[in-house]
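Contents: one structure, followed by commentary.
Bear in mind that the values in this text are calculations on the coordinates, not laboratory data. The structure presented is a predicted model; accordingly, all values stated were derived computationally and were not measured. Reconstructed Cβ throughout: ideal geometry from the backbone, glycine too, with neighbour counts over all protein chains shown.
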Amino acid sequence: MSIKNTEKSTKEEDIVKAAWGTMTLGKKLEYLWMYYKGWLAGALCLVLAVSVGVTMYKGMHTTVLLNAVVIGGDDLKAEWLMESFAQYAEIGEKDGVVQIRTNIPDDGGGMMSTTALTTLMGADAIDVLVCPADVYEDYDGHDGFFNMKEILGEKAEEYGDAVLENGVRLKAGNILEKEQMTAYEEIYVAIPVNSQNPETAVKFVEYLLQ
């Protein structure tokens, strides 16, 4: 029985090897996901665990003033955003650091983004979330955000209808749109209820509402 199974396995491998060179990229990804999704999911969880671990370690040894996550953000613009906000908030190197994470994809609620975002939320590692409408509505539906009108106080009226109950919807021409930081049309910003730096988070929201 084992000999037959081995021969069958060898034949399947030969067929795949022969067809691999003619497969499109989509077909290759489909094949890898079909037969190795368990390994891929495990690898993803390991990467996320290491990433969260590094973030927490840095947090223990560095004064982190803000952890912001920009879903589907442009990695090349992250440093610009950090420096721009630090200048706006008058944050110097001696005060602490601002961290902008842009490595969570805008994949329409796919496994990768959902797992990454849920892990970071659970680790209290997000002070401000910048995201598309579907992500905002999902977490808002689970009471995941501060009441934005309350946390902004009197300033909330200055921003008009941009301020929602538990977040803000940036208007056209906002700074992130001008700098092409994200690709989605409507940009939502919210502060998770477990934010570790709510005061700096509010400043970041005000910065984006300029």
| remark: Computed ³J(HN,Hα) along the stretch 83-97: with the Karplus parameters 6.51/-1.76/1.60, θ = phi - 60°, integer Hz and x for glycine or proline, the list is 5, 5, 5, 4, 5, 4, 8, 6, 9, x, 4, 6, 6, x, 10
| Those residues of the stretch 166-202 whose amide nitrogen sits under 12 Å from the label point placed on residue 88, 7 Å along Cα→Cβ | 170-171, 174-179, 201-202
| said: Which one, 129, 87, 73, projects farthest toward the positive side of the charge dipole computed for the stretch 64-208 from Cβ point charges (K/R +1, D/E -1)? | reply: 87
| query | Amide H of residue 146: which non-local residues (sequence gap of 5 or more, or other chain) have their own amide H closer than 5 Å, using H built in the peptide plane? | reply | 191, 193
| remark: Pseudo-spin-label distance residue 50 to residue 210, built 7 Å along Cα→Cβ, given in nm, is 3.7 nm
| task | Tell me the label-point distance for the pair residue 115, residue 133, using the 7 Å Cα-to-Cβ offset, in nm and rounded to one decimal. | result | 2.9 nm
| field | Cα-based Lys pair tally, the stretch 64-208, threshold under 18 Å, eight or more apart or on separate chains | value | 6
| field | Selection of GluC sites (Glu not before Pro), the stretch 65-124, meeting DSSP coil and at most 15 other Cβ within 10 Å | value | 90, 93
